[in-house]
Amino acid sequence: MRYARIYLGKRTSDVAHGSKNAEGDRTRYIDLAQPSEVLFPRMEDSSGALTVIHGQKEIPFAIARAYLISDIAPGASRGAHAHRKLRQVIMAAAGSFTLTVSSGTHSHEFFLTESSKGVYIPRLFWRELTNFSHDAVCLVFTDRPYEESDYIRSFSEYLDEANNG
Ligand code: T46
């Protein structure tokens, strides 16, 4: 399956490219082979905000694992690797940071700052997380358990594997 329909929630302010389904939810098709922004419904009232995230709905896969990266040292970066099979959605649960996703030939920068937005990363894309704010908390959802053998931590090895399928 190359494309998946994802849900953008009922908000209208930031879903200009979505279309409505029968329930009034806004949806959008994404290309599962390319990095893409995803949106999470955020319910706000006078007491605060609540953000909802489902696997196979706002996120285009069943969630096998979630983890948080927090207490990031000033100037530190994370990532700098690719995954052979794993797919992820990365979001800023608090604060902000820059996510750079690269195919080896093209790279795209996402500035993540809202808890209602994330980035879907397919397999075989290099990622780096930089420019963390002092209060940043990075929340990651994945479609597979942790397996060190799935990591490609050398950029030259990554280019070889990405170019050979
Ligand atoms: C990614 C970015 C955004 C585990 O034992 N279990 C886990 O589920 C994970 C994710 C990590 N670990 C261990 C492996 C290392 O000993 O935690 C340590 C730090 O992991 P790593 O150096 O891979 O951390 P980051 O922040 O550079 O990368 C992580 C994810 O590993 C990676 O998939 O895309 O966050």
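Brief remarks follow.
- Expressed as a whole percent, the proportion of Cα-Cα pairs in the stretch 20-165 lying more than 28 Å apart is 19%.
- Radius, Kirkwood style, for the stretch 96-165 when every pair of distinct Cα atoms is counted (Å): 13.6
- One decimal place: the segment THR130-HIS54 gains 24.7 nm when fully extended, by the rule 0.36 nm per residue minus the C-alpha distance.
- Taking max minus min of the alpha-carbon positions on each principal axis, the stretch 44-117 gives extents of 45, 33, 21 Å, largest first.
- Net length gained if the chain between ALA80 and ALA93 were fully extended (0.36 nm per residue, minus Cα distance): 2.6 nm
- Each label point was placed 7 Å from the Cα along the Cα-to-Cβ direction; for THR113 and ARG65 their separation is 3.1 nm.
- Spatial separation of Cα centroids for the stretch 90-144 and the stretch 32-73, in angstrom: 12
Bear in mind that the values in this text are calculations on the coordinates, not laboratory data. What you see is a predicted model; the values in this text were computed from it and never measured. Backbone-built Cβ (ideal geometry, glycine too); neighbour counts: all protein chains shown.
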